[in-house]
1. Quick check: anything in segment 123-136 farther than 25 Å from Lys37 by Cβ, outside any strand (DSSP E or B) and out of contact with any Asp or Glu (no Cβ under 7 Å at 6 or more places or on another chain)?
2. Just to be sure, is Arg176 at pLDDT below 90 and either touching a Cys at 6+ places or on another chain (Cβ under 8 Å) or crowded, with 18+ Cβ neighbours inside 10 Å (or both)?
3. I'd like the full set of residues that are over 18 Å from Ile62 (Cβ atoms) and in contact with a helix residue (DSSP H, G or I) (Cβ under 8 Å, 6 or more places away or on another chain), limited to segment 88-119.
4. Failed condition for Lys22, given (1) within 21 Å of Leu209 (Cβ to Cβ); (2) of a type outside the set (Val, Ile, Thr); (3) not in a strand (DSSP E or B), with all others met?
5. Given the conditions (1) of a type in the set (D, E, K, R); (2) touching a residue at least 60 places away in the same chain (Cβ under 8 Å); (3) in contact with a strand residue (DSSP E or B) (Cβ under 6 Å, 6 or more places away or on another chain), report the number of the one that Arg176 does not fulfil.
6. Can you tell me how many residues in segment 185-212 are within 15 Å of the chain's Cα centre (by Cα) and more than 23 Å from Pro144 (Cβ to Cβ)?
7. Show me the strands (runs of 3 or more DSSP E) entirely contained within segment 38-101 in which 1 or more residues are more than 24 Å from Asp124 (Cα to Cα) and over 13 Å from the mean Cα position of the chain (by Cα).
8. Which of the residues belonging to segment 54-83 are out of contact with any Lys or Arg (no Cβ under 9 Å at 6 or more places or on another chain), closer than 18 Å to Ile27 by Cβ and of a type in the set (D, E, K, R)?
Amino acid sequence: MTSFKKMRENMILGQFLPGLIKEETLIEVFSKVEREKFLKSNLQALAYSDINLKISEDRFLISPFNYAKMLEAAKIKKREMVLLIGAGIGYETIILSKIAGTVIAIEEDTELSKISEENLKNYDLDNVINIKGKLSEGLKKHAPYDVIIILGSIDELNKKILEQLSEEGRLLTCMRLDQNLEESKLTIYYKHNKKYVKNILFDLNLPKLLSLGKKNNQFKLIN
């Protein structure tokens with residue numbers, strides 16, 4: 001029988017620590033959340049591998065290590081409200097719920113949204129709002145947000161999403177600097193005095209985030 005607990009331990013020892021994930025809270029949370037329970041049986045053996053898992057025709061579940069790198073860069077505080085764009089099947093939402101004050105998770109894909117709802121029912125959550133909606137719009141209803149995380153790489157960023165940040169808030173996404181390449185860089189946008197500052201951090205290659213049935217990315221260029 002596969003020991004998923006042992007696999008989680010190996011993920012921490014073989015990926016997180018060598019990859020310089022130092023935040024103790026993150027290590028503890030990733031050590032405890034059972035990712036295999038979010039996956040179909042044919043993918044469970046890969047639950048803690050450092051690869052992005054295909055969960056629909058054009059969507060992927062990013063690796064726990066890549067997600068941890070985003071969260072460590074985000075420096076989320078327990079009181080903060082976070083908008084998660086492209087929430088998929090709920091695993092990243094659960095992780096966030098352990099470290100943030102409130103999580104607003106938005107998913108556009110009907111099937112993934114249904115799976116997420118079922119997965120989240122297995123947890124006693126009082127700080128998560130799970131919503132089906134257009135990824136390209138963000139969610140103005142509950143704005144402003146202290147942190148916005150886009151789970152996937154994009155070519156361009158819609159200004160209306162950026163405007164949903166609170167003052168001193170930050171948005172994290174992986175920007176593709178060349179549309180012809182698969183490479184992307186983790187990028188943070190900070191809001192300060194009603195202006196935005198862009199900071200490119202490091203290489204982080206995430207699958208491109210596409211809306212279901214669309215060939216082109218829906219995020220528009222900042223004006």
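The values are calculated or read from the model by the stated rules, or taken from the named source; none is laboratory data. Note that the structure is predicted; figures quoted are calculated from it, not measured. As a convention, Cβ positions derive from the backbone with ideal geometry for all residues, glycine included, and neighbour counts pool all protein chains shown.
1. Yes: one or more hits.
2. The answer is yes for Arg176.
3. The one that is over 18 Å from Ile62 (Cβ atoms) and in contact with a helix residue (DSSP H, G or I) (Cβ under 8 Å, 6 or more places away or on another chain): Ile104.
4. Status for Lys22: all satisfied but (1).
5. (2)
6. The qualifying residues number 7.
7. Fully inside segment 38-101 and qualifying: 53-56.
8. Lys69, Lys77, Lys78
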